[in-house]
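The values are calculated or read from the model by the stated rules, or taken from the named source; none is laboratory data. Remember, predicted model here, so these are calculated numbers, not experimental data. Every residue, glycine as well, gets a Cβ built from its backbone with ideal geometry; the counts of neighbours run over all protein chains shown.
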Amino acid sequence: MKTVVIGGVAAGLSAASQIKRQSPEAQVIVLEKTGDVSYAACGMPYNLFFKDKPVEKLYALPLEVIRKERGIDYRLRQEVTEIDPAGKKVRVTDLASGSSYSEDYDFLVYATGNRAIRLEYPGFDDSDVFYFKTLEDTRQTKSFIYEKAPKSALLVGAGYTNLEVADVLCNLRIKPTIIEKAANILPSFCDEARAKVLDKVKEKGIELLTGVDIEEKAGRHIRTSAGAFEADLVVVAVGNRPNTALLAACGGILGVAGSAQVDKYLRTNFDTIFAGGDCAEHYVRQLGKNSYFPLGPAANKHGRIIGNNICNIDNMTQFYGIDQTAVFKFFELTVATTGLSERQLQSLGRDFVKVVVDSPTRGEFPGGSTMRIILLCEKGSGLLLGGQIVGEDVVAKRLDVLATAIYKHMTVFEIAELDLAYAPPYSPVWDPILVAANLAVKKV
């Protein structure tokens, strides 16, 4: 059995590894367009802070380990230019030599990821403008920071990435200004969660403007609908689009947001072509349908399922789906969400109750802080539909309790009865989750 994998980052390497784990005799070729092996993209903003830590430290595995220990034929700087589903072969260009060749396959894994949305305004292809999406973007941004020593930065887009970048830049004594086209930042979060983030923005002295349209950039000067800004560095992170042009060109059907349409086994409309990761749809359990929610954990799970299904084509496993769980750091805050958002529930016409609780994170013990927990639950039944937590200290792992509860279709009545760990260094005797759940019980 021969499998060709297009794209060697999260989903691609996970699929290749799973195939070799289950079928050591299988031939697996990974064709990666860039010069970097699979890496932890979520760590890119934080790598900027460490001048002497190379970006290659974000590699998931060294190339030689992938090749020798895992037995994967992992090829760098190889661009697939054409897929022939009928002939079951791909056309490849070696970007180092410029030569082309063909590879046939029994199965093809399409794991090309997504790409940053680029701004078409004048000046946004200058050398001081960076689209913070790939490891090469990180490499170039980092080089600019430590070689040019910028004092100010304009961050275009106020999503997870640029909020994390703002945190790092402040620690590097580079003053960030953030502009956002939408009326609000973090649209998937409730107002009460967003308020905590905005309070932190104000506390750190960061200028953040929403509802801003860009007009042009000329040197250090950026003209917008909110006035003119000057910056030594510009970082653009305004969203991403799936890399699916190659699949579409061979007749592949596209789905949500232009991502590869897949079935419950992660197959495309071609029986021998699977798609996963940031280029493919993601099944959302609570919605009962595919959506597009590109994050690393789902990409790795996609890859593992695809690898398993290729090795067990007559007994495939369904992708079990996601619950839209996500978290990011913003200075001292951890900002986390799981399940359906308030906006989604409103659009679905669901009858729900929202509970907001501010609670200490620990008992009488040094180092504690506060967190805000927001529960969204179904009116009447108390079924937990969504949860968000913003605060300091141990936030992410508490959010995982809510994610688990959503996965198991738990109600707030059941959550209120959970036997959660207690000791003053870790929690008050009534954990914040229990406090929120008990309040929700009174409201549903």
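When the range 46-90 is examined, which residues are found to be of a type outside the set (D, E, K, R) and over 21 Å from LEU135 (Cβ atoms)? First the steps, then the outcome.
Of the residues in the range 46-90, the ones of a type outside the set (D, E, K, R) are 46-50, 54-55, 58-63, 65-66, 71-72, 74, 76, 78, 80-81, 83, 85-87, 90.
Matches in the range 46-90: GLY71, THR81, ILE83, PRO85, ALA86, GLY87, VAL90.
Only a single item in (1) touching a strand residue (DSSP E or B) at 6+ places or on another chain (Cβ under 7 Å); (2) more than 30 Å from VAL236 (Cβ to Cβ); (3) not in a helix (DSSP H, G or I) is not met by LEU31, and it is number (2). Here the range 243-268 is the region considered, the condition is being crowded, with 18+ Cβ neighbours inside 10 Å and either in contact with a Lys or Arg (Cβ under 8 Å, 6 or more places away or on another chain) or of a type in the set (Val, Ile, Thr) (or both), and the residue that is nearest to VAL168 (Cα to Cα) is ASN243.
Across the range 204-218, the number of residues qualifying as without any contact (Cβ under 8 Å) to a residue 60 or more places away in the chain and either closer than 26 Å to GLU147 by Cβ or not hydroxyl-bearing (Ser, Thr, Tyr) (or both) comes to 8. Only one entry in GLU79, GLU64 is of a type in the set (Asp, Glu), modelled with pLDDT of 95 or more and in a strand (DSSP E or B), namely GLU79.
Can you confirm whether the range 356-379 contains a residue that is in a helix (DSSP H, G or I) and modelled with pLDDT of 90 or more?
no
Residues checked against (1) among the hydroxyl-bearing types (Ser, Thr, Tyr); (2) under 24 Å from LEU13 (Cβ atoms); (3) surrounded by fewer than 21 Cβ atoms within 10 Å (Cβ to Cβ):
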{"residue": "CYS279", "(1), (2), (3)": "no, yes, no"}
{"residue": "ALA299", "(1), (2), (3)": "no, yes, no"}
{"residue": "GLY303", "(1), (2), (3)": "no, yes, no"}
{"residue": "VAL335", "(1), (2), (3)": "no, no, no"}
{"residue": "LEU345", "(1), (2), (3)": "no, no, yes"}
{"residue": "ASP351", "(1), (2), (3)": "no, no, yes"}
{"residue": "ASP358", "(1), (2), (3)": "no, no, yes"}
{"residue": "GLY363", "(1), (2), (3)": "no, no, yes"}
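For the range 185-195, state whether one or more residues are crowded, with 19+ Cβ neighbours inside 10 Å, closer than 30 Å to PRO54 by Cβ and either among the basic types (Lys, Arg) or in contact (Cβ under 8 Å) with a residue 12 or more places away in the chain (or both). Taking every residue of the range 185-195 in turn, none turns out to be crowded, with 19+ Cβ neighbours inside 10 Å, closer than 30 Å to PRO54 by Cβ and either among the basic types (Lys, Arg) or in contact (Cβ under 8 Å) with a residue 12 or more places away in the chain (or both). Of all the residues in the range 392-418, those that are under 27 Å from the mean Cα position of the chain (by Cα), small (Gly, Ala, Ser) and at pLDDT 95 or above number 2. Being closer than 21 Å to HIS409 by Cβ, touching a helix residue (DSSP H, G or I) at 6+ places or on another chain (Cβ under 8 Å) and part of a loop (DSSP other than H, G, I, E, B) is a description that applies to PHE319. Taking the conditions exactly as written (modelled with pLDDT of 95 or more, loosely packed, with under 15 Cβ neighbours inside 10 Å and farther than 20 Å from THR134 by Cβ), does GLY288 satisfy them or not? The answer is yes for GLY288.
Out of ASP271, ASP232, one residue alone is under 30 Å from PRO150 (Cβ atoms) and of a type in the set (D, E, K, R). It is ASP232.
Restricting to the range 10-28, what's the tally of residues that are surrounded by fewer than 17 Cβ atoms within 10 Å (Cβ to Cβ), polar (S, T, N, Q) and either part of a helix (DSSP H, G or I) or in contact with a strand residue (DSSP E or B) (Cβ under 7 Å, 6 or more places away or on another chain) (or both)?
Here is the first cut: in the range 10-28, the residues surrounded by fewer than 17 Cβ atoms within 10 Å (Cβ to Cβ) are 21-25, 27.
Filter again for polar (S, T, N, Q), leaving 22-23, 27.
Applying the additional criterion that residues be either part of a helix (DSSP H, G or I) or in contact with a strand residue (DSSP E or B) (Cβ under 7 Å, 6 or more places away or on another chain) (or both) yields 22, 27.
Qualifying residue count for the region: 2.
Give the residues of the range 40-58 that are part of a loop (DSSP other than H, G, I, E, B) and either among the hydrophobic types (A, V, I, L, M, F, W, C) or assigned by TED's automatic domain parsing to the domain that holds PHE132 (or both), sorted by residue number. Matches in the range 40-58: ALA40, LEU48, PHE49, PHE50. Scanning the range 179-197 for residues that are farther than 16 Å from TYR131 by Cα, more than 20 Å from the chain's Cα centre (by Cα) and not in a loop (DSSP other than H, G, I, E, B) yields ASP191, GLU192, ALA195, LYS196.
Scan the range 1-60 residue by residue and report those that are farther than 16 Å from ILE72 by Cα, among the acidic types (Asp, Glu) and within 21 Å of the chain's Cα centre (by Cα). Once the filter is applied, which keeps residues that are farther than 16 Å from ILE72 by Cα, among the acidic types (Asp, Glu) and within 21 Å of the chain's Cα centre (by Cα), the range 1-60 yields only GLU56. Checked across the range 92-101, the condition of being modelled with pLDDT of 95 or more, of a type in the set (Val, Ile, Thr), surrounded by 13 or more Cβ atoms within 10 Å (Cβ to Cβ) and touching a strand residue (DSSP E or B) at 6+ places or on another chain (Cβ under 6 Å) holds for at least one residue.
From the list PRO176, PRO150, which residue is assigned to a strand (DSSP E or B), within 25 Å of LYS51 (Cα to Cα) and modelled with pLDDT of 95 or more? Answer to the selection: PRO176.
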